[in-house]
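Asker: One structure, as structure tokens, below. Some questions next.
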Amino acid sequence: MTKIALVTGGAKGIGAAIVKRLINDGYKVAFTFNHSEEKAQNFVNEFGEKCKAYKLDITDSTAVNEAVDDIEKTFGKIDVLVNNAGIAEQSLFTDISDEMWHKMIETDLSGAFYCSRAVLKYMINRKSGKIINISSIWGEIGGSCEVHYSAAKAGLIGMTKALAKEVGLSGITVNSVSPGVILTDMTRCFDSDTMDELKGETPLNRIGTPEDVAGAVAFLASSDADFITGQDLAVNGGMSI
Ligand code: NDP
């Protein structure tokens, strides 16, 4: 039977690579976008009924519940949730305003909480499902001038491990993937010297691609990962943690 996946922030960057990879692996994929409407529409044009796009701000828990209910009713029963949507920001710790702090935590941590809670209502009833959270190397080791981002992503790893324990008996796995430096709009703000420096710090001597992350997500979503839960999988070219 065709498996159904929900990918947040699926219209561009890592999320888009995950959507494409899961469709190529035979899934039907519901994905969300917030601002990238044109890119989302291009996906729907390319993949037709194999995907469905939802405009959704993941920080709006009511809208998240409504979108998940609609996916379950009109698209299919969600087997896999990928909490990918997120924001990043560089700032000195002492320059982080209350507003910046709350926006980061709300997007990168609470968003995954809202989506997981909405989907688990269905997964627990069915006693099956897989949740995959996209964290970050900075959530594992901490990133200077990205304390709010690092804190949110570390929280996501903590949520992963704790939730895995809680829902294991319901047949649900919860894992995270922590990418290193991946070339997307999120990292395009770095100048070429910084990117060269980051590449130099990576034993595999290259910047990662969205497809590198999508491969790890596809593995964790597959039956090959049925006995893996509560784990954080680093996809970082060997960058030292
Ligand atoms: P992009 O900036 O390319 O994509 C971010 C995605 O998140 C977009 O699809 C965007 O949707 C979505 N998004 C942001 N805020 C919201 C919101 N409030 N509601 C709904 N969707 C939202 O970045 P990446 O593809 O690089 O990042 C994807 C994930 O990977 C993030 O969680 C990021 O933290 C993580 N990551 C990235 C790394 C990298 O080096 N690139 C390294 C480690 C982790 P839209 O465009 O439609 O607004």
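Asker: Please give the peptides 224-230, 52-58 ranked by average Cβ packing (other Cβ atoms within 10 Å per residue), highest first, as a rough proxy for protection. Provide the component values of the computation, followed by the final result.
Answerer: On the way: 224-230: 13.7, 52-58: 19.6.
So the order, starting with the most tightly packed, is 52-58, 224-230.
Asker: Sticking with this one: Nothing charged except the Cβ atoms of Lys and Arg (+1) and of Asp and Glu (-1): what's the magnitude of the dipole of the stretch 1-110 about its Cα centre? Round to the nearest 20 debye. Before the final figure, lay out each step's value.
Answerer: Numbers: 12 positive and 18 negative charges, 148 e Å.
Here the size comes out at about 720 debye.
Asker: Hey, how many Å between the Cα centroid of the stretch 103-147 and the Cα centroid of the stretch 166-241?
Answerer: 14 Å
Asker: Would you tally the net charge around Glu211, using a Cβ to Cβ cut-off of less than 11 Å, leaving Glu211 out, and scoring K and R as +1, D and E as -1? List each step's numbers first, then the result.
Answerer: Numbers: positive: Lys20, Arg21; negative: Asp212.
Computed value for this residue: +1.
Asker: Once you compute Rg and the Kirkwood Rh from C-alpha atoms, what is the Rg to Rh ratio for the stretch 27-69?
Answerer: Working: Rg = 10.7 Å, Rh = 10.8 Å.
Taking Rh as the inverse mean 1/r over Cα pairs, Rg/Rh reads 0.99.
Asker: Right, something else. Counting heavy atoms of the protein chains only and a 1.4 Å probe, report the per residue accessible area for the chain as a whole number of Å². Write down the numbers at each step before the final one.
Answerer: Values: 11720 Å² over 241 residues.
Solvent-accessible surface per residue comes out at 49 Å².
Asker: Run the dipole for the chain about the Cα centre, Lys and Arg Cβ at +1, Asp and Glu Cβ at -1, nothing else charged, and hand back the magnitude in debye, nearest 20. Mind showing how you got there, number by number?
Answerer: Values: 23 positive and 32 negative charges, 232 e Å.
Approximately 1120 debye in magnitude.
Asker: Taking the Cα-to-Cβ direction at Glu99 and at Cys189 and moving 7 Å from each Cα, how far apart do the two end points lie in nm?
Answerer: Result: 1.6 nm between the two label points.
Asker: What's the ranking of 110-116, 233-239 by average number of surrounding C-beta atoms within 10 Å, highest first?
Answerer: Working: 110-116: 23.6, 233-239: 19.1.
With the highest mean Cβ count within 10 Å placed first, the list reads 110-116, 233-239.
Asker: So, one more: Please label the shape of the stretch 66-175 as rounded, prolate or oblate, based on the square roots a ≥ b ≥ c of the eigenvalues of the alpha-carbon gyration tensor (a/c under 1.5 means rounded; beyond that, a/b larger than b/c means prolate, else oblate).
Answerer: On the way: a/c = 3.11, a/b = 1.93, b/c = 1.61.
Prolate.
Asker: Cα gyration tensor of the stretch 1-123, axes a ≥ b ≥ c as square roots of the eigenvalues: rounded (a/c below 1.5), prolate (a/b > b/c) or oblate? Before the final figure, lay out each step's value.
Answerer: Values: a/c = 2.32, a/b = 1.61, b/c = 1.44.
It comes out prolate by the Cα gyration axes.
Asker: Just how large is the dipole of the stretch 93-197 about the Cα centre, in debye to the nearest 20, putting +1 at every Lys and Arg Cβ and -1 at every Asp and Glu Cβ? Don't skip to the end; give the middle numbers.
Answerer: On the way: 10 positive and 13 negative charges, 240 e Å.
Dipole size: approximately 1160 debye.
Asker: Classify the stretch 94-241: rounded, prolate or oblate, from the alpha-carbon gyration tensor (a ≥ b ≥ c, eigenvalue square roots; a/c under 1.5 rounded; otherwise prolate if a/b is larger than b/c)? Numbers along the way, then the final one.
Answerer: On the way: a/c = 2.45, a/b = 1.43, b/c = 1.71.
Oblate, because a/c is 1.5 or more while a/b does not exceed b/c.
Asker: To the nearest 500 deg cm²/dmol, what mean residue ellipticity at 222 nm is calculated for the chain from DSSP H runs of n ≥ 4 alone, each contributing -39,500 (n - 2.57), summed and divided by the residues?
Answerer: Details: 9 runs with 108 residues, N = 241.
Rounded to the nearest 500, the figure is -14000 deg cm²/dmol.
Asker: Among residues other than Met186 whose Cβ falls under 14 Å from its Cβ, what is the net charge (Lys/Arg +1, Asp/Glu -1)? Don't skip to the end; give the middle numbers.
Answerer: Values: positive: Lys12, Lys153, Arg188; negative: Glu89, Asp108, Glu146, Asp185.
Residues near Met186 contribute -1 overall.
Asker: Can you give me the angle between helix 61-74 and the longest principal axis of the chain, using Cα atoms only, in degrees from 0 to 90, rounded to the nearest 10?
Answerer: In the chain, helix 61-74 runs at an angle near 40 degrees to the longest axis.
Asker: While we're here: Ordered by residue, what ³J(HN,Hα) values in Hz, to whole numbers, does the stretch 194-207 give under the Karplus form 6.51 cos²θ - 1.76 cosθ + 1.60, where θ = phi - 60° and Gly and Pro are x?
Answerer: 5, 5, 4, 4, 5, 4, x, 7, 9, x, 7, 6, 8, 7
Asker: Something else now. Between 0 and 90 degrees, rounded to the nearest ten: what's the tilt of helix 37-47 against the longest Cα principal axis of the chain?
Answerer: Approximately 50 degrees, to the nearest ten.
Asker: So how do 172-183, 197-208 stack up, highest first, on mean other-Cβ count within 10 Å?
Answerer: On the way: 172-183: 23.8, 197-208: 14.1.
The packing order, highest mean first, is 172-183, 197-208.
Asker: State, to one decimal in nm, how far the label point of Ile141 lies from the label point of Leu198, with both points 7 Å from Cα in the Cβ direction.
Answerer: That separation, rounded to one decimal, is 1.3 nm.
Asker: Can you pull the percent of the stretch 156-241's accessible area that's carbon plus sulfur, 1.4 Å probe, other chains left in place?
Answerer: On the stretch 156-241, the fraction of accessible area on carbon and sulfur atoms equals 55 percent.
Asker: Now for a different question. In the stretch 48-196, with Lys and Arg counted as +1 and Asp and Glu as -1 at Cβ, which of these residues, Ser61, Thr173, Ser116, has the Cα nearest the positive end of the dipole, that is, farthest along it?
Answerer: It is Thr173.
The values are calculated or read from the model by the stated rules, or taken from the named source; none is laboratory data. This one's a predicted model, so the numbers in the text were calculated from it and none came from an experiment. All Cβ positions, glycine included, derive from the backbone under ideal geometry; neighbour counts span all protein chains shown. Accessible surface areas use protein heavy atoms only, side chains included; no ligands, DNA or RNA. Shrake-Rupley method; radii C 1.70, N 1.55, O 1.52, S 1.80 Å.
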